[in-house]
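Below: the structure, in C-alpha cells.
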Amino acid sequence: KFTPRNFEGKLTRLDGIALPTIAAVSVSGKEYTVHLSEKTDILRKNRAVATLQRFVAGDTIRFYGAIREAEWSVVDAEVVRTLEF
C-alpha cells in the first residue's frame, strides 16, 4: 500500500504554479492531497517537460508516488503528467 505507484484522476485544485506546491486530485472517488516538491517532474502527455501554469481544475492527470503511512490520503509525487495537452 505504501510503495510508490501510479495514480490517475481529475485535478480538483492546484495551490500554486511554482514548485513546491500542493494539488488535490480525485482518484476513483477518493480525494488525495498530492505534495509536489522541488524535485517533482512535471510532464506533458508526450512526456515532454511542462509547467504547472497549463494545469487547470478538471484536467485528467497521472502521478507517481507513495502514500504516506501516517496520512493515507496524502501522496508525495515524484512525477506528475497531464493527459490533456
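The values are calculated or read from the model by the stated rules, or taken from the named source; none is laboratory data. On a predicted model such as this, the values are computed, not experimentally measured, just so you know. So basically every Cβ, Gly included, is an ideal-geometry build from the backbone, and we count neighbours across all protein chains shown. Areas reflect the complete protein model, heavy atoms only, side chains present, ligands, DNA and RNA absent. Shrake-Rupley method; radii C 1.70, N 1.55, O 1.52, S 1.80 Å.
What the table below lists for this structure:
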quantity	calculated
Inter-label distance for K39 and A70, nm, one decimal - labels placed 7 Å from Cα along Cα-to-Cβ	1.9 nm
Assigned charges on the beta-carbon of Lys, Arg, Asp, Glu; the chain dipole about Cα centre (debye)	300 debye
Region 1-57: trypsin sites (Lys or Arg not before Pro) in DSSP coil with no more than 14 other Cβ atoms inside 10 Å	K1, K45, R47
Taking the chain and dividing mean pair separation by its residue count, relative contact order in percent (alpha carbons under 8 Å, at least six apart)	34 percent
Cut-off under 5 Å, modelled amide H: who pairs with V79 long-range	D41, Y64
Length-normalised contact order of region 45-85 in % [C-alpha pairs under 8 Å, at least 6 apart]	45 percent
Approximate spin-label separation F2-V56, in nm, with each point projected 7 Å along Cα-to-Cβ	3.9 nm
Length gained when the stretch E31-V79 is fully extended (0.36 nm per residue, less Cα-Cα span)	15.5 nm
Probe 1.4 Å, protein heavy atoms only - accessible area per residue of the chain in square angstrom	59 Å²
Rg and Dmax [Cα atoms of the chain; Å; Rg one decimal, Dmax integer]	11.5, 34
Whole-Hz couplings from phi, Karplus 6.51/-1.76/1.60, listed for region 69-85; x for Gly and Pro	5, 7, 9, 5, 10, 10, 10, 8, 7, 9, 9, 10, 9, 7, 9, 8, 9
Rounded to whole Hz, the Karplus (6.51, -1.76, 1.60) HN-Hα couplings of region 34-50, x for glycine and proline	10, 8, 9, 8, 4, 8, 5, 7, 10, 10, 8, 4, 8, 6, 7, 5, 10
Spatially proximal aspartates and glutamates relative to K10 (Cα-Cα < 13 Å; intrachain offsets below 8 disregarded)	E31, D59, E84
